[in-house]
1. Of THR336, THR450, how do they rank once you tally other Cβ atoms within 10 Å and put the fewest first?
2. Fully extended, how many nm does the chain gain between MET496 and GLN606 (0.36 nm per residue separation, minus their Cα-Cα distance)?
3. Need one number: convex hull volume per residue for segment 662-715, Cα atoms only, in Å³.
4. Where Lys and Arg each count +1 and Asp and Glu each count -1, what net charge lies around LEU159 among other residues with Cβ under 11 Å from its Cβ?
5. Expressed in nm to one decimal, what extension gain is obtained for the pair GLU5 and GLN458 from 0.36 nm per residue of sequence separation less their Cα-Cα distance?
6. At q = 0.13, 0.19, 0.27 Å⁻¹, what is the base-10 log of I(q)/I(0) for segment 464-539 according to the Debye formula with one equal point scatterer per Cα and no solvent? Please give it to two decimals.
7. Mind checking the dipole of segment 202-407: about its Cα centre, +1 per Lys or Arg Cβ, -1 per Asp or Glu Cβ, Debye to the nearest 20?
8. Mind checking which aspartates and glutamates have their Cα closer than 17 Å to the Cα of LYS394? Skip sequence neighbours fewer than 8 apart in that chain.
Amino acid sequence: MTKEEIVELILKENKFESLNPVQRKAFEMGILDGENLVVSSPTSSGKTILAELAGLNVSLNKGQKMLYLSPLVALAREKYEEFKKKYEKYGIKVALSIGNYDSSDPFLEKYSWIVCSNEKADSLIRHEASFIKDVGLVVADEIHLLDDFERGPTLEILLTILKEILPSAQFLAFSATIKNAEEIGEWLGAKVLKSDFRPVPLYKGILVGNKIKMFKRESYELRSDLSLEESIVEDTLLKKKQLIFFLSSRKNAEALAERLSNLVFHFLEEKEIKELEKISQKIEKALEIPTEQCKKLANCLKKGVAFYHSGLVFFQRVLIEENYKKGLIKVITSTTALAFGINLPNWRAVVRDVKRYYPGLGSIYLPVLEVEQMFGRSGRPQYDKWGEGILVAKNKEEERELNEYYIRGELEEISSQISSESALRMHILSLVANRFCKSQNQLVEFLKKTFFGKKYGQVEILKEKVEGIIFALEDWGFLKTQEIREDGEVVDKQLMVTKVGKRISQLYIDPLSANIFIENLINCQKANEFSFLSFLAKAKELKPSPNLSSKDIFLIEQEIFENQDWFFFPIPDEFDEEYEEFLREAKLAMIFSFWINEKSEKEIMQKFKITPGELRSRIEIADWLIYSILEISKLVPVAKQIQKLLRKLRVRIYYGIKEELIPLVKLEGIGRLRARLLFNAGVKTIQDLKGKPVEKIAQILKSKTLAQKIKEKISSQ
């Protein structure tokens, strides 16, 4: 296709009459000639269209693939659905790859556009995925997250590797907020496109008292007889618009949602109330037994309000997003969980809490960049003519501070986070395992090519850390080293991965966690479930450990006392510095213990103050860690009885069951509750099920349809 034909296709599928200023500038800068670009322009300025332009060019004209990198699974899903809907009819096959870090996903060979989370793309490279060589375009969305302590190192190392193995590929990097875009452009060998264009203007203001003082737009007077949150909600809903509140904690988000629900309910139409009733029932039944959080969320939803944070389970978050887009949910109260990427019909973003508490430091103002991301959720072309970002000040003095810091202040520069030991540990092992770096000098040279190396001009400050990590990896048996000498002087050190080191890299777990597992299991001859759960809780992947309350400590210490003869490691003295962390790890072990002994989620939440989303997340991580341990045990000497116990424990953690239910939960449609109903009714094995008539099974499970499906399934076995 010609450039003009690609543009025409893009305009047709996006229902545009012409390219906007950002897109035209990218066209002029050579986006369809394979030029690398770093694009820094506001939210809604059409950056995704640039990926589509370049993607069509490489796939239709060059027969190559586009690899679209997303920092968030939710954003990856959204892009996948969007691309698939628009372009599959033109022969562009779109794939989503976000899970299972122990696979090369060979099916991806058949696809033109591959949407990945950053971590999954890194994992695919570790597994030497064959499709990578066919990638002609790499798109890095939300590139400013290089600065994120958790996500940044993986993105930085991933892009550095891709630049090395795909020297002819085109690279596009997008962000709404980059102060030092030129530095990132220099690192990626890219031209820099900076623009203030926003098709929907975003106006900023500060709410103080009962007045929103807007900048570059007329101000608003709000009702003085309502709380400031209620007054701004009423003002928004009277304008037939929607808004998101950003708050500092889950507790604050939930409390505000409950407080606003009665007000919002009065703005709902009859048909909306009926629809919200149905949605609230789905929200409440997201778990087998509803928790207090589920009920609280369902009650808020009935009235058109939702709270949103990482403590919700995935299904609940998706329902909230979908029904906010439909306009049924009028107000969302959120932590920073909604600050990035997802396209919502939001008109007003209210950042009520501009400070966040950090242990040892106190309350500190949020970065300007983070607040800009929150504001960026407002004013989308398909929904509004303008959007608003509002800060909340307690008094005149704070209003002046917010004005100076956020309205008139400058964005922070994007920096590098790869210098953290945990990040270097994981990625050094991977770089050696994949033979990108065969010696210590090559490793240092590679680090010079990272954003860290480009930004600071040298990596001498990393050398000591790198040497220490190589020493640790060798000591743990994951690497082998050999000195390289010239004229009797050591000039370099050859690096070779061991079989177990290679496997740990592929499993995508921290080498420190792997070493903890190996040290505890290699000489282990006996164990109980709590001893396993306790050392599992030491893994970095499960950090931070849960917080302790005064009520927890007695319960936890009692459990420790009852299991003291089963621990793989010495129990710290109560006056030791590490004792508190040991208690926190033991608390997590108890949470897992309650789960596999069939305590209800409701009971676990109430006793341990853990949210459904957090519980599910930790269960998924624990499942992956046990899988990893089993894989590692194929390469190191672990007793067969221990492996058997681990295999059983993995099933129990996945389903939340006692050992006796393992045969039953393997049947589709049988979860922990139904398996227990069958077992208690005397149906304990698949053989027992075969001998029971459909009517009897239906009576036990209270579902004739499910009973019939089960009988059909076991009859065919």
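1. Ranking THR336, THR450 by Cβ neighbours within 10 Å, fewest first, gives THR336, THR450.
2. 34.7 nm
3. 65 Å³
4. -1
5. That pair, GLU5 and GLN458, stretches by 158.5 nm at full extension.
6. Scattering profile of segment 464-539, log10 relative to I(0): -0.51, -0.87, -1.26.
7. Rounded to the nearest 20 debye, it is 320 debye.
8. Partners found: GLU221, ASP225, GLU229, GLU230, ASP353, GLU404.
Only the coordinates and a few stated rules stand behind these numbers; no lab work does. Keep in mind that what you see is a predicted model, and the values were worked out from it rather than measured. Note that each Cβ is placed from the backbone with ideal geometry, even for glycine, and that neighbours are counted across all protein chains shown.
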